[in-house]
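The values are calculated or read from the model by the stated rules, or taken from the named source; none is laboratory data. Because the structure is predicted, anything quoted here is derived from the model rather than measured. Methodologically, a virtual Cβ is constructed for each residue, glycine included, from the backbone with ideal geometry; neighbour enumeration extends over all protein chains shown.
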Amino acid sequence: MNETHRLAIVGGGSVAVSFLAQFIVLIQKTPIDFPPIHITLFEPTGVIGQGTAYQADLNTNLLNVPANNMSLFDDKRTHFLEWLTTLSKDDLSRYGVKEIDGNDFYPRPLFGRYVSEQFTRIVKLACDLGVTVRVIENAVVAIERQQSRAMMLRDSAGGKYEADRVVLCNGNLSSDKFEALLPQAGFLNSPYPVAELARKIPNSASVGILGSNLSAIDAIVALVAQGHAGPIHCFSRQGRLPSVRSTFPTKVSDRLTRNSVHKWVTEQDGHLDLACIYEQLQKMILSHGYGDDLKDLLGADNSASDQLDWEIETSQARQRPWQSVLASTNDVIDLLWFYLAPEEKQQFQKRWMPQWMSRRAMFPMKNALKLQELMRRRQLYVHGGFQACMPVKDKDVFEVSYENGVGDVESVRCEYIINATGFSQNVEKSADPLVMDLLNSGMATSSPYGGFKLDFNTGSLIASNSEIVDEITVLGSLARGTYFWTISMDVNARLAGEQARQIVNALVVQGDKINVC
Ligand SMILES: Cc1cc2nc3c(=O)[nH]c(=O)nc-3n(C[C@H](O)[C@H](O)[C@H](O)COP(=O)(O)OP(=O)(O)OC[C@H]3O[C@@H](n4cnc5c(N)ncnc54)[C@H](O)[C@@H]3O)c2cc1C
């Protein structure tokens, strides 16, 4: 086995590092002589491991997953937690951390530092193993197949790089929801980095935040932490904040496993529907002995402030098994999605997605208490029934209209607007050069459920002629249509680990015909 293997990783966020780290560890563990392996990682910002989510920013940006489940390694779930224990007290205090607890929610910049440090460690390990890793600080703008079947990547500086395999980890696409507002002064298309909000928005200004999920919470907490004293209005269709994590996590004993899902699907003649998944989750939730937990899962239909009070009170008082049961589905969520019939997927997207987002993407008590205080002192308002956000002619102000609880349309004027509705997963509407190039060349097609259409088993692109493009696989947000919950580190680490294993296996099969266990 003497051919060189060239691997390109497009993007240098947390998912790229998770893939790279698991790939190198597999190489280390596999007792054969590999061909020379050359890895090229492209990251235009030059900052590896952070992306938007974990960038150096305010410590008010908290992880929404407890430390004991935030890891780059699928088979070492407590790796981040173990890394935390190696930091000095002084170091931790810079992030506002006093003690280490696996159930706690730490600042995201701290997780970003963990990922960056792991990258440095892994590159050194790679070097010891004879694998070269180079970083190109440019974006990839096009990928073209060569006659040899190798892929030619072109970067934004005109550089050309040939690779045998490409792993796309290029993350989230910018929001496309309020494009008409982009040229307006006072409109911010993303809250990040939140540390810059205070520089852009005067302290006394009225601020409208579009969205009421996790990014909206990041924006609110950061504004106030930087001394914002003006009113803050949040607008969304549902007018609800996410659920607050119970401070008493439930240990889920009867978790769904991949084997149990396969068995279940066989019993259901090869398909799952939403009703049977809901029934199964119901059973799991009720088995923990909290009879009213199902009502709690659906959430009460009252004002956002009453709902937040209820969320805080309940989460401080007792376990809420539904939260842990939903989180436990991360082990199999891609399989559940895969086995849903297309019309069931469409129904879920249309009817249940906002509800799922606000219940599944929960936020920690620490920030919930801050929001409660702001609502009580009438600085923060959350409005449902969002209709439109328009600039007011000849005035430096926006008018945001919404339908109030009794069906009347009301509006609020805000001097600044922050779009916190999250990122786009619609590749068709994206102006990203690489995304457009892949669609235009036919090497990629869009999934009706977001991102690119992929082969479920391998994560490879499916071309417009329906062929599987074995040489290019996708991880992260652009794999959303295929694996559904690709906004969680544990799901992404599992998928990244599988792709790393497939590539190592292919190298092994080419060579010594041994399988990686
Ligand atoms: C604000 C926010 C908070 C989150 N919090 C959590 C959390 O607490 N817990 C959790 O589990 N998950 C969380 N998530 C989910 C999160 O999306 C993933 O965990 C993770 O950040 C995704 O990483 P990524 O590497 O796929 O994308 P990104 O972090 O977006 O990184 C992609 C990288 O690719 C680069 N890139 C883009 N295009 C190109 C190109 N053409 N060529 C080369 N490079 C390119 C970008 O510069 C970027 O650095 C959060 C997400 C967001 C947005």
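Worth a mention:
- Flag set for Thr30, criterion: over 17 Å from Lys124 (Cα atoms), away from the ligand (no atom under 14 Å from the Cβ) and either crowded, with 24+ Cβ neighbours inside 10 Å or in contact (Cβ under 8 Å) with a residue 40 or more places away in the chain (or both).
- Residue match in the range 492-500 (condition: among the hydrophobic types (A, V, I, L, M, F, W, C) and free of Cβ contacts under 8 Å to residues at least 40 places away in the same chain): no
- Of everything listed in (1) over 30 Å from Ala388 (Cα atoms); (2) away from the ligand (no atom under 14 Å from the Cβ); (3) acidic (Asp, Glu), the single unmet condition for Glu137 is (2).
- Any hit, the range 210-226, residues being crowded, with 17+ Cβ neighbours inside 10 Å, under 25 Å from the mean Cα position of the chain (by Cα) and of a type in the set (Asp, Glu): yes
- Whether a residue is buried (at least 22 other Cβ atoms within 10 Å of the Cβ), of a type in the set (A, V, I, L, M, F, W, C) and away from the ligand (no atom under 13 Å from the Cβ) was assessed, and Phe456 does not pass this test.
- Residue pairs meeting the criteria (Cβ under 7 Å; at least 6 apart or on separate chains; first without any contact (Cβ under 8 Å) to a residue 40 or more places away in the chain and within 17 Å of Asn367 (Cβ to Cβ), in the range 230-243; second β-branched (Val, Ile, Thr) and crowded, with 24+ Cβ neighbours inside 10 Å): none
- Qualifying position, being closer than 21 Å to Arg149 by Cβ and aromatic (Phe, Trp, Tyr), among Phe484, Phe452: Phe452
- Condition met for Ser206 (at pLDDT below 95 and closer than 30 Å to Asp396 by Cα): no
- Meets criteria (outside the structural domain of Arg377 (by TED's automatic domain parsing) and hydrophobic (A, V, I, L, M, F, W, C)) for Phe248: yes
- Scanning the range 151-190 for residues that are over 24 Å from Gly451 (Cβ atoms), more than 15 Å from the ligand (Cβ to nearest atom) and either among the charged types (D, E, K, R) or outside any strand (DSSP E or B) (or both) yields Glu162, Ala180, Leu181, Pro183, Gln184, Ala185, Gly186.
- Single match in Arg149, Arg165 (criterion: outside the structural domain of Glu399 (by TED's automatic domain parsing) and surrounded by fewer than 16 Cβ atoms within 10 Å (Cβ to Cβ)): Arg149
- Among the residues of the range 438-468, those that are in a helix (DSSP H, G or I) and hydrophobic (A, V, I, L, M, F, W, C) comprise Leu438, Leu439.
- Inside the range 246-271, residues that are buried (at least 16 other Cβ atoms within 10 Å of the Cβ), among the hydrophobic types (A, V, I, L, M, F, W, C) and not in a helix (DSSP H, G or I) make up a count of 2.
- Selection of first residues in the range 38-56 that are under 22 Å from Thr132 (Cβ atoms) and of second residues that are among the basic types (Lys, Arg), restricted to Cβ pairs under 9 Å at least 6 apart or on distinct chains, gives the following pairs, ordered by first then second residue: His38/Arg6; His38/Arg134; Ile39/Arg6; Ile39/Arg134; Thr40/Arg6; Thr40/Arg134; Leu41/Arg134; Gly49/Arg113.
- Taking the criterion of being away from the ligand (no atom under 16 Å from the Cβ) and either among the charged types (D, E, K, R) or part of a helix (DSSP H, G or I) (or both), the residues of the range 469-492 that qualify are Asp470, Glu471.
- Every pair of residues 6+ apart whose Cβ atoms lie under 6 Å, when the first sits in the range 1-27 and is within 15 Å of Leu129 (Cα to Cα) while the second is part of a loop (DSSP other than H, G, I, E, B): Thr4/Pro35; Thr4/Pro36; His5/Pro35; His5/Asp164; Ala21/Leu72; Ile27/Leu129
- Scanning the range 172-224 for residues that are basic (Lys, Arg) and within 25 Å of Asn59 (Cβ to Cβ) yields Arg199, Lys200.
- Candidates are the residues of the range 380-423 that are under 15 Å from Leu182 (Cα atoms) and polar (S, T, N, Q); the one that is modelled with the lowest pLDDT is Thr421.
- Candidates Ser466, Ser447, filtered to the one that is without any contact (Cβ under 8 Å) to a residue 60 or more places away in the chain, among the small types (Gly, Ala, Ser), away from the ligand (no atom under 14 Å from the Cβ) and at positive phi: Ser466
- Restricting attention to the range 39-56, the residues being near the ligand (Cβ under 10 Å from one of its atoms) and either under 17 Å from the mean Cα position of the chain (by Cα) or β-branched (Val, Ile, Thr) (or both) number 10.
- Being surrounded by fewer than 20 Cβ atoms within 10 Å (Cβ to Cβ), out of contact with any Lys or Arg (no Cβ under 8 Å at 6 or more places or on another chain) and closer than 30 Å to Tyr106 by Cα is a property that Arg376 has.
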